[in-house]
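This report refers to the structure that appears directly beneath it.
The values are calculated or read from the model by the stated rules, or taken from the named source; none is laboratory data. Quick caveat: nothing in here was measured; it's all calculated off a predicted structure. Positions of Cβ are backbone-derived with ideal geometry, glycine not excepted, and every protein chain shown enters the neighbour counts.
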Amino acid sequence: MFETVIGLEVHVQLNTKSKLFCSCPTSFNHKQNTNTCPTCLALPGALPVLNKEVLHKSIMLGTAIDATINRESFFDRKSYFYPDSPSAYQITQLYTPVVEHGKLEIDFLEEGAGHQKNEPTSKIIRINRAHIEADAGKNIHDGDISKVDLNRAGTPLLEIVSEPDMRSSEEVILYLKKLHSIIRYLDIGDANMQEGSFRVDVNVSIRPKGEEKLYTRVEVKNINSFKFIQKAIELEFARQTEAWEDGVYEQEIAQETRLFDQTKQETRSMRGKEEAADYRYFPEPDLLKAVVTDEMLATYSQIPELPDAKRDRFVKDYGMNEYSAGVVTSAVEMAHFFETMMEEGITAKNALTWLTTELPGRLKGEMNISNSPVDAKKLGHLVKRIEDGTISGKAAKEVLDKLMEENLDVDGVIDALGLKQVSDSGAIEAICDEIIAANPDKIEEYKGGKDKLFGFFVGQVMKASKGSANPQAVNEVLKAKLG
């Protein structure tokens with residue numbers, strides 16, 4: 001039996017307005033090679049100047065992952081040539097990063113998500129470091145022609161490097177989703193995987209269960225979705241296990257960089273994995289050390305409430321179970337939406353149902369919770385109208401359908417569609433009397449012990465009222481009249 005040993009390198013593009021060492025904008029999707037200058041093109045004589053916002057955002061991340069924030073960090077030059085790197089080197093931090101020795105706790109909220117019954121419900125993943133570095137440009141392949149877009153060159157990155165503490169693809173996804181959520185809560189990056197602002201390199205090795213030794217690791221590079229990351233790990237585990245069992249592990253498993261081919265569902269060798277010596281690191285001669293001042297530390301260590309703290313507060317304040325609170329706080333947009341709904345004085349249970357089931361079921365195409373036609377205040381008000389008996393849950397679905405189509409007022413739609421429930425006891429009594437008078441045989445059967453007929457009477461009253469009668473009031477009136 002073998003176990004997987006996994007460590008991750010996550011590259012997070014920071015959402016600064018300008019690049020790491022120059023004033024060029026970092027905006028995504030601009031015309032190719034327009035956001036460039038002599039510095040990010042590495043022209044002779046152009047010197048880098050550190051963007052201080054990058055230090056500020058590094059402090060925030062370091063605080064969030066309970067890490068050491070080095071008051072002085074240094075830049076190093078990593079030598080390599082690729083077509084999308086005009087300088088033939090990358091400015092990074094090898095020896096003294098801005099953030100190191102942190103940790104992140106992952107939670108197994110459901111059986112099957114990387115754990116079994118009677119096992120711990122959480123696990124600490126150690127984070128070795130988070131260092132600042134400049135992003136490269138982007139290669140664009142068009143048939144037989146390859147082009148280079150240098151708009152991205154010089155965009156500030158934080159590379160967050162974990163220890164090899166993960167033992168399954170499930171643990172990896174939990175870690176990445178938690179880290180992704182923290183980045184979004186801190187608002188230091190948009191973490192959009194499709195646009196490449198949250199890129200993951202996965203280091204995978206295997207070993208016989210019970211051994212502590214680390215064997216040859218293989219790096220699978222730049223995977224841009226959680227689903228593909230999970231699949232790449234499973235494929236690599238199978239490939240390495242087969243080589244071990246066939247007795248050719250040392251011949252076939254080399255320390256190398258591989259690519260995940262989602263079409264062929266395989267990992268494929270890209271190049272031999274370089275060691276530090278291959279990159280010929282040396283201290284960056286054009287930059288001074290980066291200094292975190294007392295004022296910076298005091299200001300930027302005051303971070304927003306993070307997912308775990310918000311989840312615990314929701315459990316305490318709203319009486320939610322941990323799983324539900326974990327779902328609603330997993331994304332900052334959903335957590336803020338939920339809290340705005342709760343300002344209407346509604347119950348957490350109903351808010352959760354309409355936020356996680358009814359609304360998502362109506363979001364089509366490019367719609368999401370952030371650009372939903374029905375905002376949090378409006379959805380909260382709709383739920384309030386269910387809870388105060390103005391409309392039924394069924395009628396509320398009709399109202400929500402209308403609100404998704406037109407920017408209207410909740411109460412206005414209720415009135416326009418004639419969905420307001422009748423709660424007046426006199427009006428409901430009159431309908432009940434009519435139904436009782438029209439069904440003497442059913443009354444005799446009910447009084448003879450056929451209790452299930454009560455549902456028949458409720459249904460008949462609701463039908464006669466065209467669904468407008470308040471079901472709770474109907475039940476109370478019928479119980480009194482039927483004895």
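General remarks:
Residue by residue, here is whether (1) in contact with a His (Cβ under 8 Å, 6 or more places away or on another chain); (2) farther than 17 Å from VAL10 by Cβ; (3) among the aliphatic types (A, V, I, L, M) holds:
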position	(1), (2), (3)
LEU158	yes, no, yes
SER181	no, no, no
ASN192	no, no, no
THR216	no, yes, no
PHE228	no, no, no
TYR249	no, yes, no
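- Scanning the stretch 463-476 for residues that are more than 11 Å from VAL422 (Cα to Cα) and surrounded by 19 or more Cβ atoms within 10 Å (Cβ to Cβ) yields a total of 0.
- Within the set GLY102, GLY7, the sole residue that is part of a strand (DSSP E or B) and in contact with a helix residue (DSSP H, G or I) (Cβ under 7 Å, 6 or more places away or on another chain) turns out to be GLY102.
- Contact annotation: residue pairs with Cβ atoms under 7 Å, 6 or more positions apart or on different chains, pairing a residue in the stretch 255-284 that is under 17 Å from ILE206 (Cβ atoms) and of a type outside the set (Val, Ile, Thr) with a partner that is modelled with pLDDT of 80 or more and assigned to a loop (DSSP other than H, G, I, E, B), are GLN255/THR216; GLN255/ARG217; LYS273/GLN255.
- Among the residues making up the stretch 388-445, those that are in a helix (DSSP H, G or I), more than 50 Å from the chain's Cα centre (by Cα), surrounded by fewer than 18 Cβ atoms within 10 Å (Cβ to Cβ) and not aliphatic (A, V, I, L, M) are GLY426, GLU429, ASP433, GLU434, PRO440, ASP441, LYS442, GLU444, GLU445.
- For the stretch 182-291, the strands (runs of 3 or more DSSP E) that sit wholly inside it and include 2 or more residues that are closer than 26 Å to GLY102 by Cα are 198-208, 218-223.
- Being more than 23 Å from the chain's Cα centre (by Cα), β-branched (Val, Ile, Thr) and part of a strand (DSSP E or B) is a property that THR299 lacks.
- Any chance SER372 is out of contact with any Leu (no Cβ under 9 Å at 6 or more places or on another chain) and in contact (Cβ under 8 Å) with a residue 12 or more places away in the chain: no
- Positions within the stretch 43-72 being farther than 18 Å from THR299 by Cβ and buried (at least 19 other Cβ atoms within 10 Å of the Cβ), in sequence order: PRO48, ILE65
- Residue in the stretch 61-80 that is assigned to a helix (DSSP H, G or I), among the basic types (Lys, Arg) and modelled with pLDDT of 95 or more present: no
- Qualifying positions in the stretch 363-417 - of a type in the set (Val, Ile, Thr) and within 20 Å of LYS349 (Cα to Cα): ILE369, VAL374, VAL383, ILE386, THR390, ILE391, VAL399
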